[in-house]
Number of protein chains: 2
Amino acid sequence: MNPYLSRERAAASFNPETITYILDGSPERTHRRREIEGLVLNDPSFQHEDPNFLSRSERYEVAIKKSALMVQKMREHGISDPEEIYWFKSFVHRGRPEPLDIHLGMFLPTLLNQATPEQQERLFMPAWNLEIIGTYAQTEMGHGTHLRGLETTATYDPSTQEFILNSPTVSSIKWWPGGLGKTSNHAVVLAQLYTQGECKGLQAFIVPIRHMGTHEPLPGVVVGDIGPKFGYDETDNGFLKFDKVRIPRENMLMKYAKVEPDGTYVKPLSDKLTYGTMVFIRSMIVGDSARSLSRACTIAIRYSAVRHQSEIRAGEPEPQILDFQTQQYKLFPLLATAYAFQFVGSYMSHTYHRISAEIQAGNLNELPELHALSAGLKAFTSWAANAGIEECRMACGGHGYSRSSGIPDIYVTFTPSCTYEGENTVMMLQTARFLVKSYIAVLAGKQLDGTVSYLNDVSQHRVQPHPVAGRSFLKDINDIQNLVEAYKQRAAWLVVAAAKNVNADVESARKMRKEDAWNKNSVDLVRASEAHCHYVVVRLFAEKLSEVLDVAAHRILSSLCLFYALHGISKNTGDFLQAGLLTALQVDQVQQRVKDLLAVIRPNALALVDAFDYSDTQLGSVLGRYDGNVYENMFEWAKKSPLNKTQVHESFHKYLKPLQSKL
Amino acid sequence: MNPYLSRERAAASFNPETITYILDGSPERTHRRREIEGLVLNDPSFQHEDPNFLSRSERYEVAIKKSALMVQKMREHGISDPEEIYWFKSFVHRGRPEPLDIHLGMFLPTLLNQATPEQQERLFMPAWNLEIIGTYAQTEMGHGTHLRGLETTATYDPSTQEFILNSPTVSSIKWWPGGLGKTSNHAVVLAQLYTQGECKGLQAFIVPIRHMGTHEPLPGVVVGDIGPKFGYDETDNGFLKFDKVRIPRENMLMKYAKVEPDGTYVKPLSDKLTYGTMVFIRSMIVGDSARSLSRACTIAIRYSAVRHQSEIRAGEPEPQILDFQTQQYKLFPLLATAYAFQFVGSYMSHTYHRISAEIQAGNLNELPELHALSAGLKAFTSWAANAGIEECRMACGGHGYSRSSGIPDIYVTFTPSCTYEGENTVMMLQTARFLVKSYIAVLAGKQLDGTVSYLNDVSQHRVQPHPVAGRSFLKDINDIQNLVEAYKQRAAWLVVAAAKNVNADVESARKMRKEDAWNKNSVDLVRASEAHCHYVVVRLFAEKLSEVLDVAAHRILSSLCLFYALHGISKNTGDFLQAGLLTALQVDQVQQRVKDLLAVIRPNALALVDAFDYSDTQLGSVLGRYDGNVYENMFEWAKKSPLNKTQVHESFHKYLKPLQSKL
């Protein structure tokens, strides 16, 4: 054990294990998670080579081999709870996406949710047994977040009772689905349904794309890998082009909408039900943001306690870089953010499950709010985590740039979260739409529930656009409830201002069209959504504290929460000053308090990342090892570089040697 | 040509070629640059395969082959001007670093600058002819920016007149030098000189590391590749460990310091002279920041004019995504930043050359300021460009994540700039040290010149810590000179506040040590440096306008400069409000004006990136093509993916097929 890490651990004011239990939900879940990790780590068939030393084709090969084994082993171990499957998978693949992700995570659930009993009968068991391997083909080369723009057509031919799948343009080629490039033999295809000469909008179809025996592409199907990406090297994201491919009528997923044999289209009862899946996936991304950022923080903070550099006092030994205020100021806000997002993630997951039950019972009341909240928080947390991971990497200096640090991998694996399942800016604007709608409802006399209830007060209290010298809203910068209130007021101020501006443009002399007014104010609408999400995050973090019973854990998490809230204010002082919520003098005090809290967190920083409880194998980082044995391991790792397979690269003799005589 | 791009180009209010000349410095330089690009593009021996389809070992192989050819061709074409060499190299390697970079860019210059005439006689021609291939080995595994911490020793043995090079610890292993892993047979090694029992500090030594005939590592030398990194796949960054390796006394570079045969150490006349090289390299990074960001902007803005998505008005065709205000708000500030940094880059390069001449003449007066300015601007521009490149990538939606977009490559190639040649936070603190020193000099009655001259006024004018309601400093938000003044006042306010706080801590009752007070205030010191750099950038952009004679070019660049300045204020309203430079009402006006200017830039955005004048091959991006032919090219590109070499991957039959029967 690195002596500096031992010293750090001894100095902590709390036992990290108590916080691990809080993060996991209970001690039982912590133990079960570790047990499942043990099943993978102690299984010699899951031996692991660092994929960074392999070519892309080799990485795919290794991954598909592991995935096949993983499915088999999970069944042997009887692992079937979704969360336990998630753990097992992430232990096997060390947090990297893998070729069967979409089959397991979207194809099978789609069958369960959208297939008729007959279709489930016919398709589910073969898919469960990996005879049918499926992907989910929605995005097209020219169309992503805006689903109505999709161009692929499915035209019903009543004479043969078949749908004809077609890709009319290059931009309509399906693009990105994971596992499509090489692995799948079926796809759920989203296409515009045409029947009886009319377009009925998007429907989902089960389309065989490769021969189940030979795995050769079927006639009329052009399918392949879309090529190398920033990351996702293990995954064969693919393209798929149809030249009038016929599938039987029974392959349209007909649990909701239907096409009768004669071509008559039968509408679904409600189209809000598909919202549920989106909410679920977006709330998963909130959790992913927390996990990815907490992994990066673990690496950067451990390394910062091991690394010694420069000098604070001339002539004295080089200090740990964690003792530099600037390093603390980079890393501790990210650490606090990782904790905040962990709690937001579990709140979202609980809320989803609670509301799901109500949806089953036919109560859709809370769905619009949950939908808007999940969209905004998906964007808010993934943006922050995305930038934060790179800050952690750069806080490790040059070594962060080495693949051995593990952070480049975390980044390239995480960063698509800002784009997929709804591009973040579009998500923020969806949240804004809900916020503006809620505000309009309040003006019409409605009483709001939930996270937007602060808008109820808007008609009563002055939303004050400009500061009045000497007065301020904030009474005590150390009172977290007071800070939550300030965040709330800031959100209300920005929501009301944006909504009023949209309205003013519509009602102005120029009579702008509503859509144009919306676009013209969209920068402010995004700003309002961000402030709303920021408020929700601060509030949820503060609320979580009441559940923490261990005194020592409560003390440090309270400091962390206060730090998160104050740091957020200090990074957005313009808003708080402009809204008259703080005076300039208070801004000074907030900035000073943030720096004071760095010193409070400092002795507990290592224990706070230990509490995330990542094993060395999961972290996959030479810099972030629990024992802090960094340099020796880095040297061992480097020696395995493919370029070191031979001492003398033949290219020297091939290209440089002959040149010497020529020059 | 994509019709949307034709339309955009036709709508521009100026001729991009006039701005290209401004960016290049003159029409002649533009033409010469294009001529040199033609030499590479029309040379069939430089055929190019997208390196993203190759393994790392293949990428190294292709690169070293190209580099050897490049050296030969440059001599054939008689290219020897440093800037023309830079162009030729970047055309051959498409902007990627290559294995001979350090040999050409650091090893040869080090010989010229630090070797004695005898050493140059002996070493330069062999190095010029690539018989000696060298690298520059400074950084160690455990030591980077803080040079005094380096551990490698060179101990003089007068009995044999040799130095003994040794790596006493694992952390002392040389780590990172480019071209070290496989390519070089010599290295300039920075080591602590020990002679006559005393450490004389760092000196540079020429050390043979591989046999010049066989290329085998020499006895006592352990050398190899440090393994895969985030990027730099073409470069064999290496490690180097010495086990008491002896080199002749004549291999210490002795132009300045010397060791006599008996071991007597002779000090150099001045140690400030080595500053020159650092200033040069850091000012090069400022230019790199501009170029990397302008490439990313070109790709993102062209693609945003081609891509259609979502709807602004229901039922109407999908608009170009460049018409969304949020997209403009992401990209146009980056476009303006790219222009600002281009001008700062050429200012830095001119200033360096001007002051170099003075240094040769023995006048070192301006060196400290230039040193501080280059450190701060290196950090300021590389941080902004680094974040901006990723914003451009994400503004391209999913396709930005594909390697075909070219932006992942730009990012991973650029991002080390934030770390190498001085870690950015350390750089900002160096600038802060100069700023604080300058302030103290003013208090002592000295009159300052140059970029810090604003501190002269500090004793006269009130540096006002808090806003007075209703009053403000800024008279006209559309007057760029007035905005430059506001940035200057903000810098002065932050520098003075930080300096006073450092001082107060030292003089407080607790009598903090100066170094501890410095560390305790380092977050504020960095903030002050950033504000200083921001002021310099805005000022240089504004000053550049007076050189622009073409009326149409002047008009659009003036708008862009105003936009850059106002956007910077709107992102830092807290500072300006807190310093009393703006009222809350003015902040509203600034934010509104920023949005208005988006509409001014919009019709000229494409022409503004065209003016950067990147050819398709240089840009290396399917999304950023000049003709806007995106989707067809993306499909062609994808088909070349290594995973598509066979239709059916054997792994299906190897891993998945057998599993089906087992499950």
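The values are calculated or read from the model by the stated rules, or taken from the named source; none is laboratory data. Model, not experiment: these values are computed from the prediction. Positions of Cβ are generated from backbone atoms using ideal geometry, with glycine treated the same way; all protein chains shown enter the neighbour counts. These accessible areas exclude ligands, DNA and RNA; they are computed on the full protein's heavy atoms, side chains included. Shrake-Rupley method; radii C 1.70, N 1.55, O 1.52, S 1.80 Å.
Quick notes on this structure:
- The selection criterion, being touching a residue at least 24 places away in the same chain (Cβ under 8 Å), surrounded by fewer than 19 Cβ atoms within 10 Å (Cβ to Cβ), basic (Lys, Arg) and farther than 30 Å from B:GLU421 by Cβ, does not hold for B:ARG307.
- Residue satisfying all of: in the range A:154-183; at the interface with chain B (Cβ under 10 Å from one of its Cβ atoms) and assigned to a loop (DSSP other than H, G, I, E, B); surrounded by the most Cβ atoms within 10 Å (Cβ to Cβ) among these: A:THR183
- All of (1) crowded, with 22+ Cβ neighbours inside 10 Å; (2) more than 30 Å from B:VAL40 (Cβ to Cβ); (3) not β-branched (Val, Ile, Thr) hold for B:SER559 with one exception: (1).
- Positions within the range A:198-236 being polar (S, T, N, Q) and open to solvent by 10 Å² or more (accessible area, probe 1.4 Å), in sequence order: A:GLN203, A:THR214
- Answer from A:ALA336, A:ALA372, A:ALA387 - the residue that is under 30 Å from A:PRO408 (Cα atoms), open to solvent by less than 40 Å² (accessible area, probe 1.4 Å) and among the aliphatic types (A, V, I, L, M): A:ALA336
- Against the conditions (1) open to solvent by 30 Å² or more (accessible area, probe 1.4 Å); (2) touching a helix residue (DSSP H, G or I) at 6+ places or on another chain (Cβ under 9 Å); (3) of a type in the set (Gly, Ala, Ser), B:ALA509 satisfies every one except (2).
- Per-region count, the range B:639-663, residues among the small types (Gly, Ala, Ser) and within 15 Å of A:PRO99 (Cα to Cα): 1
- Flag for B:ALA565 being open to solvent by less than 10 Å² (accessible area, probe 1.4 Å), in contact with an Asp or Glu (Cβ under 9 Å, 6 or more places away or on another chain) and touching a residue at least 12 places away in the same chain (Cβ under 8 Å): no
- Pick from the range A:24-61, criterion in contact with a Ser or Thr (Cβ under 9 Å, 6 or more places away or on another chain) and of a type in the set (A, V, I, L, M), ranking: nearest to the other protein chains (Cβ to nearest Cβ): A:LEU54
- For the range A:421-448, a tally of residues being open to solvent by 70 Å² or more (accessible area, probe 1.4 Å) and without any contact (Cβ under 8 Å) to a residue 40 or more places away in the chain returns 5.
- Hey, A:THR195 surrounded by 23 or more Cβ atoms within 10 Å (Cβ to Cβ) and touching a residue at least 40 places away in the same chain (Cβ under 8 Å) or not: no
- For the range B:283-294, a residue qualifies if it is open to solvent by less than 10 Å² (accessible area, probe 1.4 Å) and of a type outside the set (Gly, Ala, Ser), and the qualifying residues are B:ILE285, B:VAL286, B:LEU293.
- Residues of the range A:50-83 that turn out to be over 26 Å from the mean Cα position of the chain (by Cα), part of a loop (DSSP other than H, G, I, E, B) and surrounded by fewer than 16 Cβ atoms within 10 Å (Cβ to Cβ), as a count: 1
- Only one of A:TYR194, A:TYR256, A:TYR232 that is aromatic (Phe, Trp, Tyr) and within 30 Å of B:TYR411 (Cβ to Cβ): A:TYR232
- One residue from A:GLU151, A:GLU98 being within 24 Å of the chain's Cα centre (by Cα) and part of a loop (DSSP other than H, G, I, E, B): A:GLU98
- Residue count for the range A:120-144 satisfying the condition of being open to solvent by less than 50 Å² (accessible area, probe 1.4 Å), in contact (Cβ under 8 Å) with a residue 12 or more places away in the chain and either part of a helix (DSSP H, G or I) or at the interface with chain B (Cβ under 9 Å from one of its Cβ atoms) (or both): 10.
- Residue in the range A:355-365 that is nearest to A:ARG282 (Cα to Cα), counting only those that are surrounded by 12 or more Cβ atoms within 10 Å (Cβ to Cβ) and not polar (S, T, N, Q): A:ILE355
- So A:LYS500, is it open to solvent by 40 Å² or more (accessible area, probe 1.4 Å), farther than 25 Å from A:GLU369 by Cβ and either more than 12 Å from chain B (Cβ to nearest Cβ) or in contact with a helix residue (DSSP H, G or I) (Cβ under 8 Å, 6 or more places away or on another chain) (or both): no
- Positions within the range B:105-119 being open to solvent by 50 Å² or more (accessible area, probe 1.4 Å) and modelled with pLDDT of 95 or more, in sequence order: B:PRO117, B:GLU118
So that you can scan it fast, the table gives a plain yes or no per residue for (1) open to solvent by 10 Å² or more (accessible area, probe 1.4 Å); (2) within 14 Å of another protein chain (Cβ to nearest Cβ):
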residue	(1), (2)
B:ARG246	yes, no
B:ARG249	yes, no
B:GLU260	yes, no
B:THR264	yes, no
B:ALA296	no, yes
B:ALA300	no, yes
B:ALA314	yes, yes
B:GLN320	no, yes
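- Selection count, the range B:184-213, where residues are closer than 17 Å to B:ASN129 by Cα and of a type in the set (Ser, Thr, Tyr): 1
- Subset of the range A:375-384 (residues that are surrounded by fewer than 24 Cβ atoms within 10 Å (Cβ to Cβ) and aromatic (Phe, Trp, Tyr)): A:TRP383
- Of the residues contained in the range B:13-23, one or more are found to be of a type outside the set (Ser, Thr, Tyr) and surrounded by fewer than 17 Cβ atoms within 10 Å (Cβ to Cβ).
- Scanning the range B:261-306 for residues that are at pLDDT below 95, among the charged types (D, E, K, R) and in a helix (DSSP H, G or I) yields a single hit, B:ARG282.
- Wholly within the range A:577-619, helices (runs of 4 or more DSSP H) carrying at least 1 residues that are within 12 Å of chain B (Cβ to nearest Cβ): A:584-601
- The range A:620-663 - residue that is in contact with a Lys or Arg (Cβ under 8 Å, 6 or more places away or on another chain), part of a helix (DSSP H, G or I) and open to solvent by 10 Å² or more (accessible area, probe 1.4 Å) and, of those, farthest from the other protein chains (Cβ to nearest Cβ): A:ASN633
- Filter pass, B:LYS330 being within 30 Å of B:ASN166 (Cα to Cα) and either within 14 Å of chain A (Cβ to nearest Cβ) or not polar (S, T, N, Q) (or both): no
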